[in-house]
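K.L.:
Provided herewith is a single structure, encoded as structure tokens, for subsequent inquiry.
The values are calculated or read from the model by the stated rules, or taken from the named source; none is laboratory data. Since this is a predicted model, take the numbers as computed values, not measurements. When we count neighbours, we look across all protein chains shown, and the Cβ atoms used for this are built from the backbone with ideal geometry, even at glycine. SASA here: full protein model, heavy atoms, side chains in, ligands and nucleic acids out. Shrake-Rupley method; radii C 1.70, N 1.55, O 1.52, S 1.80 Å.
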Amino acid sequence: MICLNVERVKPDAVRGALFLDRDGTLIEHVAYLHDPTQVKLAQGVKEALVKAVSEGLLLFLFTNQSGVGRGFFTLEAALACNAAVGRLLGLAEPVFAAECTAPEHPGEPLVYRKPSPRFIEEMVERFALDPARCWMIGDQAVDMEAAKLAGINGLQVGVDGSFGALVDRIVEDLSGGR
């Protein structure tokens, strides 16, 4: 399921984009999270995303939610958790230029479920983004595989550094090390 929030986007101000995994990246991991009151931002995420937005980066939320496909909870519950993330970040609404919540069960054919690059490819085209200026940040190998398949950069939380350090690295890269 994709939700576009295009009214905030000013193409001339866009310097790049971050495709962001939710669980274990933006928020603390809770198995099969479906209760918005359990959403807790991971350390340093809010400050890093404030910096990213101020530097002209678009934010995209890209989350696999197999609990929907498994029948553990509803898509509406997953979307309520996404909304809680946005509220906790405290950035101007809408926080994300687009959101993709992939509800497929791992045994189903891939449509949007990572490692499918479909969401990234559609957003790169829709927002006329330069893939060289786009990054997927996630905590799992499937996040990095989706980035690779889409032809964008991938950085893995915990492997390549903390979330804040990764965003700092991206901003520095875009600024030419200023």
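K.L.:
Return the only residue of ARG178, ARG113, ARG169, ARG87 being in contact with a His (Cβ under 9 Å, 6 or more places away or on another chain) and either at pLDDT 95 or above or outside any helix (DSSP H, G or I) (or both).
P.N.:
Going through ARG178, ARG113, ARG169, ARG87 in turn, the sole match is ARG113.
K.L.:
Let me ask you something else. Can you give me the number of residues within the stretch 27-36 that are part of a loop (DSSP other than H, G, I, E, B) and open to solvent by less than 50 Å² (accessible area, probe 1.4 Å)?
P.N.:
Counting residues in the stretch 27-36 that are part of a loop (DSSP other than H, G, I, E, B) and open to solvent by less than 50 Å² (accessible area, probe 1.4 Å) gives 2.
K.L.:
Go over the candidates GLU47, GLU93, GLU76, GLU99 one by one and state the one that is modelled with pLDDT of 95 or more, open to solvent by 10 Å² or more (accessible area, probe 1.4 Å), of a type in the set (D, E, K, R) and not in a helix (DSSP H, G or I).
P.N.:
GLU99
K.L.:
In the stretch 115-137, which residue that is under 14 Å from the mean Cα position of the chain (by Cα) and within 15 Å of ALA52 (Cβ to Cβ) is most open to solvent (accessible area, probe 1.4 Å)?
P.N.:
So the residue we want is TRP135.
K.L.:
Here are some conditions: (1) open to solvent by 50 Å² or more (accessible area, probe 1.4 Å); (2) modelled with pLDDT of 95 or more; (3) of a type outside the set (Phe, Trp, Tyr). VAL39 meets all but one. Which one does it not meet?
P.N.:
If we test VAL39 against (1) open to solvent by 50 Å² or more (accessible area, probe 1.4 Å); (2) modelled with pLDDT of 95 or more; (3) of a type outside the set (Phe, Trp, Tyr), just (1) comes out false.
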